[in-house]
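To start, the structure itself, in structure tokens.
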Amino acid sequence: MRHPKAVLWGVAFALAAVVSAILIFSRSRPASHEMREEQAVEAQPAGVAAGARALRVAPVPIRGRGEAGEAHDVAKFDLANSQAVIIDKASPELQDVPARQWTAVFSPDAKSLAVTAGWHTAARNSPWEPGELLLWDIATKKLRLLRQQDSPIRAVAFSPDGKFMATGDFAGFAKLLDPLSGKLLARFPRHNRIINSLAFAPDSKGLFSSSYDGTIKLWDIATKREAYQFELPKEQINSIAVAPDGTRLAACTRESL
């Protein structure tokens, strides 16, 4: 039986650098069920999706409920009265389907919050929820951007300099976006399975995407090309992280079935 792992690489961010695995942490866990993903479906333009979505954000630290019943200090974000940019690439039959939310990430300047959503598996009768990227304005608590597509969106990340935003989806595609307009800047060649995690290099010149196919790809932002590929054969990579000084790349995996 294979076990989940945390893997740490020494990384030199010169894009042609030789990389070696230097640490592996492993522990056993009970067998679990594998989530399977579908192939990408070519999206067709559709109308604006209907239905309200809400998000709650609490500042840190959260004010606890006191003896007099003081409520937590929580801000509610809602689609109502929002003047959002809508980029709808989802099929018409997915327009009114609500999507479960996956990931929430603040922008480097803490003025925006990006949220991803969507779901689908290969299981019979599994619901198909559209992939969504929602970008909320923290000051106004209103939606600035809604981007939809057929494939559920699992991961999102901002570049440290705030100039780029990236998404990773169930179809295995990493996409580079303009965080202000939502415009697609690049769609990188696909992984063979779902992308679970994304991370930008500290200098914002590279983007890492990790997948259940056991690979981590480093994309050069300037050339929009793959610069390097890390491999963990037969491993399913759940998440990755880059050290703030740019010298280490870590990956956590789950056991393979």
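Nothing in this text is a laboratory measurement; each read-out follows from the coordinates by a stated rule. These numbers come from a predicted model, not from an experiment. Quick reminder, even Gly has a Cβ in these numbers, built from the backbone with ideal geometry, and neighbours come from all protein chains shown.
Name the shape class, rounded, prolate or oblate, that the alpha-carbon gyration tensor gives for segment 174-215, where a ≥ b ≥ c are the square roots of its eigenvalues, rounded holds for a/c under 1.5, and otherwise prolate holds if a/b is larger than b/c and oblate otherwise.
Verdict is oblate for segment 174-215.
Label-point separation (nm) for Ala110 and Asn238, each offset 7 Å from Cα along Cα-to-Cβ?
2.9 nm
Would you kindly state how much longer the chain becomes between Val85 and Lys224 on full extension, computed as 0.36 nm times their sequence separation minus their alpha carbon distance, in nm to one decimal?
Additional length available on full extension: 47.5 nm.
Test of understanding: ordering Ser209, Ser239, Ser181, Ser151 by Cβ neighbours within 10 Å, fewest first, what list do you get?
The order, fewest Cβ neighbours first, is Ser181, Ser239, Ser151, Ser209.
Using a cut-off of 25 Å between alpha-carbon atoms, which lysines can reach Lys141, once sequence neighbours fewer than 8 places away in the same chain are excluded?
Correct list for Lys141: Lys76, Lys89, Lys111, Lys163, Lys183.
Towards the positive end of the charge dipole of segment 126-257, with charges on Cβ (+1 Lys, Arg; -1 Asp, Glu), say which of His191, Ser239, Ala251 has the farthest Cα.
Comparing the listed Cα positions along the dipole, His191 ranks first.
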